[in-house]
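Here, each number is a calculation from the coordinates, and none is a lab measurement. Treat the numbers as computed from the prediction; the structure is a model and nothing was measured. Cβ atoms come from the backbone with ideal geometry, glycine included; neighbour counts cover every protein chain shown.
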Amino acid sequence: MQHCSYYQAHVPREHCWLLTAIIRSYEHMAFDRTLNKEQSIFEFFVPQGMEPLFLQVMARFEKEGVIQNLQKLPNRLVE
C-alpha cells in the first residue's frame, strides 16, 4: 500500500485563508490542516502522483511569502 508524502510548513496567519483556498481549488492535490495553531504550522498529505504539482505550487508560495520552511518529513500517520 502506498502512503501519501507528508510535508509541514509555517504559514503566516494573514496568509492561512489564501493557502487553504488555493490548495483546495486543486482537486486531490493535497489534504491540508493546521497541525499547531499557536505556531501556525500546517501539514500536508500529498498523493505521490500529485507531488510534482504540489511542489510547483509550494515553490511559488515560498517565493511570494505565503509559506515558509516547507519540509518533507516521514508521514506521522504511518506506523
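Residues that are without any contact (Cβ under 8 Å) to a residue 60 or more places away in the chain, in contact with a Ser or Thr (Cβ under 8 Å, 6 or more places away or on another chain), among the hydroxyl-bearing types (Ser, Thr, Tyr) and closer than 19 Å to Cys4 by Cβ do occur in the range 24-37.
Part of a loop (DSSP other than H, G, I, E, B), surrounded by fewer than 14 Cβ atoms within 10 Å (Cβ to Cβ) and in contact with a strand residue (DSSP E or B) (Cβ under 8 Å, 6 or more places away or on another chain): is that true of Arg76 in this structure?
Working: part of a loop (DSSP other than H, G, I, E, B): yes; surrounded by fewer than 14 Cβ atoms within 10 Å (Cβ to Cβ): yes; in contact with a strand residue (DSSP E or B) (Cβ under 8 Å, 6 or more places away or on another chain): yes.
For Arg76, the condition - part of a loop (DSSP other than H, G, I, E, B), surrounded by fewer than 14 Cβ atoms within 10 Å (Cβ to Cβ) and in contact with a strand residue (DSSP E or B) (Cβ under 8 Å, 6 or more places away or on another chain) - is met.
Checking each residue in the range 9-39 for being part of a strand (DSSP E or B) and either touching a helix residue (DSSP H, G or I) at 6+ places or on another chain (Cβ under 7 Å) or buried (at least 17 other Cβ atoms within 10 Å of the Cβ) (or both) picks out Ala9, Asp32. Of the residues contained in the range 40-47, none is found to be in a strand (DSSP E or B) and more than 10 Å from the chain's Cα centre (by Cα).
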